[in-house]
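Down below is the structure, laid out as structure tokens.
The values are calculated or read from the model by the stated rules, or taken from the named source; none is laboratory data. Since this is a predicted model, take the numbers as computed values, not measurements. Note that each Cβ is placed from the backbone with ideal geometry, even for glycine, and that neighbours are counted across all protein chains shown.
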Amino acid sequence: MRLRVQIVMHLSKTFIPTLRETPQDAEIASHRLMLRAGMIRRVSGGIFTFLPLGLRALRQVERIVREEIDRAGAIEVLMPGLQPREIWEQSGRYDLMRDVMFRIHDRQGHDLALGPTHEEVITGLVAHEISSYRQLPCTFYQVQTKYRDEIRPRFGLMRAREFVMKDAYSFDASWDAADGSYQAMYDAYERIFARCGLNVKVVEADSGAMGGQWSHEFMVLADSGEDGLVECNGCTYAANLEKAERARGAPPENSADNGCPSPEKVVTPETTTIEAVSALLDIPAQRLIKTLIYTADIQPVAVLTSGDREINELKLARALGCRELTAADAATVERVTGAPVGYAGPIGLSIPIHADLELRGASDYVCGANQADTHTLHVDIERDVTVTGYADLTNARGGDGCPQCDDGVLQAKRGIEVGHVFKLGTKYSEAFDARYLTAEGEQKPLVMGCYGIGVTRTLQAVIEQHHDANGICWPSSVAPYKVVLLPLNLSHDATRETTERLSAELTAAGWEPLIDDRDERPGVKFKDADLIGYPVRVVISERSLAAGGVEIKARAADKPQTLPLAEAMSQIGEFLS
RNA sequence: CGGGGCGUAGCGCAGCUUGGUAGCGCGUUUGGUUCGGGACCAAAAGGUCGUGGGUUCAAAUCCCACCGCCCCGACCA
């Protein structure tokens, strides 16, 4: 028989320092509320202490994550935060990740890093321990603290330098089998975020520094989100802004003999930006050709877009097939174009010219003349420019056509990235020689996937989506306490007795109530209860007892209801289900 | 790393222009009155004014350097 000690938590015995005033440097609602509700305190930029209330809420999110990831068949491990430099060199990511990693060294001078992620460690483990197809597939995961030297930590736990992440790694015998592991995690993620009460949009994403074949991001839609995304209003297409494609536009008109006059130079003194040119010549930005000079692996190239578009460097790098891509410095621009920065144009350039596909067939446009204080009118791209190739080189935006359906239109939204799944392939297994033996006795590399959830970020995202003017409105699944009891006058015997009876019943039912036993005025208790956002509030007072019982109110409800104690339990259970 | 802003009591701020014994609100402590939506009265504690240097008879205030934080940008899983 197991002894269970059940302690009823009293507010006076824990530590929940709520703030009446709003801390100054908290920018978004969820950050402010976490500080005001006494959940976290800042230690340094992007580094936080979790106070009891924040810790309890974090544990709730972790619990949901573990339940669903376990259910999906993954196995929990715990890997070290401290990692040797060598494994990062082995995967070839040391240079790529060096700016993100906190790098330290031990007393013997060995280089170490605080782990920003764990592909290297897990693949090294698996390379030693997994050797047969009989051991596959398998997925390991952990819930662990990650360290990343963010360029700009902000918004509290949203972008922190130390944060809790759930990361999982799958190993399969084949690319097809790996799709199964990927799908299992994808499904688990949808369940996790649904259980956290989050409205999440899954988008196609770029796999970035992680490498790999494809990936999806789980985005919590919020205006305060740091990531842009687009979704189609006509089909299921949705993508991260970095990755998003757009419809190919109308087929080009035949540009020969279409009546575009011959190019003509026009003087445009001190007009080096699209806005200035557009204003001076009274021509809309979309009829301008923006010419940017990039350096692609040392080689200068010209990139053309219409004046109202932004270059997407990921797309550009892919189209060029280059490894390093940077905007050319002023000296290079002047050398290549023969003009100061701001007057580049595509006519007569002797370097490769890549154009955004929106410019195909562009006729009667304006561009820089490769000559100081001069632009060229009446440019016909087919007639006047030697284009090396057309490709999708710019960001999609709201109003663009959908790349996947006929008349869908893309809508621009903002989101918080709470989860990311990657189909990695064999990049790491080959680097770490993680192979297995097939039934036929053949050596093959393991096919990997990796899957992250920002646990601390998810916690804050819940608050971002669930709050009102008075405070947090916790979904009961992640609430630090589901029920708070407010005995308004503790020196009133009947109030005290009723509170004790109710808390005993709630505790026995597993609801872990919190009793606000502070010697505070009622108003203070009400304000704090709203701020902290317990899903259910029960008021016990002389007035409620005189009215026949206790007063129960769900956080979201406008008005409380008074019920006799006998009926209170079932009503509370109903609110929390 | 570039641009902007801010560092004065636990929190939010004034004082700085024009140098002269450091203030307000909230919170905290004590006593009293209150007690259903952040009460009231009285008393009290609490600050090397971010750090270092300089100017001056005298620096929170003027000058220089550094550190930290916030915002915008570049960049990033």
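Things to note:
Residue by residue, here is whether (1) at pLDDT 95 or above; (2) among the hydroxyl-bearing types (Ser, Thr, Tyr); (3) farther than 18 Å from residue A:220 by Cβ holds:
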site	(1), (2), (3)
A:458	yes, yes, no
A:464	no, no, no
A:470	no, no, yes
A:477	yes, yes, no
A:485	yes, no, yes
A:488	yes, no, yes
A:495	yes, yes, yes
A:511	no, no, yes
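- Single residue of the range A:305-343 satisfying the filter (within 16 Å of RNA strand B (Cβ to nearest atom) and part of a helix (DSSP H, G or I)) that is surrounded by the most Cβ atoms within 10 Å (Cβ to Cβ): A:316
- Filter result for residue A:460 (away from RNA strand B (no atom under 16 Å from the Cβ) and within 30 Å of residue A:572 (Cα to Cα)): no
- Strands (runs of 3 or more DSSP E) lying entirely in the range A:404-457 (those with 1 or more residues that are among the polar types (S, T, N, Q) and either under 28 Å from residue A:131 (Cα atoms) or touching a residue at least 24 places away in the same chain (Cβ under 8 Å) (or both)): A:410-425, A:443-445
- Only one of the numbered conditions (1) at negative phi; (2) within 12 Å of RNA strand B (Cβ to nearest atom); (3) surrounded by fewer than 24 Cβ atoms within 10 Å (Cβ to Cβ) is violated by residue A:453, and that is (3).
- Among residues of the range A:217-239 being surrounded by fewer than 23 Cβ atoms within 10 Å (Cβ to Cβ), assigned to a strand (DSSP E or B) and under 11 Å from the mean Cα position of the chain (by Cα), the one that is nearest to RNA strand B (Cβ to nearest atom) is A:227.
Here is a yes/no grid of residues against (1) under 21 Å from residue A:166 (Cβ atoms); (2) modelled with pLDDT of 95 or more:
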position: A:63; (1), (2): yes, yes
position: A:70; (1), (2): yes, yes
position: A:74; (1), (2): yes, yes
position: A:81; (1), (2): yes, no
position: A:89; (1), (2): no, no
position: A:96; (1), (2): no, no
position: A:107; (1), (2): no, no
position: A:121; (1), (2): yes, yes
position: A:125; (1), (2): yes, yes
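- Cβ-Cβ under 8 Å pairs, at least 6 apart or on other chains, the range A:497-524 side over 11 Å from residue A:486 (Cα atoms), far side small (Gly, Ala, Ser) and within 16 Å of RNA strand B (Cβ to nearest atom): A:502/A:568
- Listed conditions (1) of a type outside the set (A, V, I, L, M, F, W, C); (2) under 40 Å from the mean Cα position of the chain (by Cα); (3) under 19 Å from residue A:9 (Cβ atoms) are all met by residue A:560, apart from (3).
- Looking only at residues of the range A:462-488 that are hydrophobic (A, V, I, L, M, F, W, C) and farther than 21 Å from residue A:52 by Cβ, we find that the one that is surrounded by the fewest Cβ atoms within 10 Å (Cβ to Cβ) is A:469.
- Restricting the range A:463-493 to residues that are of a type in the set (Gly, Ala, Ser) and touching a residue at least 24 places away in the same chain (Cβ under 8 Å), the residue that is nearest to RNA strand B (Cβ to nearest atom): A:471
- The set of residues in the range A:158-189 that are of a type outside the set (A, V, I, L, M), in a helix (DSSP H, G or I) and touching a residue at least 24 places away in the same chain (Cβ under 8 Å) comprises A:175, A:179, A:180, A:181, A:182, A:186, A:187, A:189.
- Residue in the range A:36-58 that is touching a Leu at 6+ places or on another chain (Cβ under 8 Å) and of a type in the set (Phe, Trp, Tyr) present: yes
- Considering only residues in the range A:5-27 that are modelled with pLDDT of 90 or more and within 10 Å of RNA strand B (Cβ to nearest atom), the one that is surrounded by the most Cβ atoms within 10 Å (Cβ to Cβ) turns out to be A:18.
- Condition check for residue A:538: touching a helix residue (DSSP H, G or I) at 6+ places or on another chain (Cβ under 8 Å) and more than 24 Å from residue A:16 (Cα to Cα): no
- Across the range A:171-194, the qualifying residues are those that are in contact with a Phe, Trp or Tyr (Cβ under 7 Å, 6 or more places away or on another chain) and crowded, with 21+ Cβ neighbours inside 10 Å, and the one among them that is farthest from residue A:445 (Cα to Cα) is A:193.
- Residue selected from the range A:136-157 under the condition within 15 Å of residue A:452 (Cβ to Cβ) and either of a type in the set (Ser, Thr, Tyr) or without any contact (Cβ under 8 Å) to a residue 24 or more places away in the chain (or both), by the criterion surrounded by the most Cβ atoms within 10 Å (Cβ to Cβ): A:141
- Of all residues in the range A:512-535 being touching a helix residue (DSSP H, G or I) at 6+ places or on another chain (Cβ under 7 Å) and more than 13 Å from RNA strand B (Cβ to nearest atom), the one that is farthest from residue A:53 (Cα to Cα): A:517
- Residues being of a type in the set (A, V, I, L, M), touching a helix residue (DSSP H, G or I) at 6+ places or on another chain (Cβ under 9 Å) and near RNA strand B (Cβ under 7 Å from one of its atoms) - total across the range A:136-164: 0
- One residue stands out in the range A:546-577 among those that are free of Cβ contacts under 8 Å to residues at least 40 places away in the same chain and in a helix (DSSP H, G or I): the one that is nearest to residue A:500 (Cα to Cα), namely A:566.
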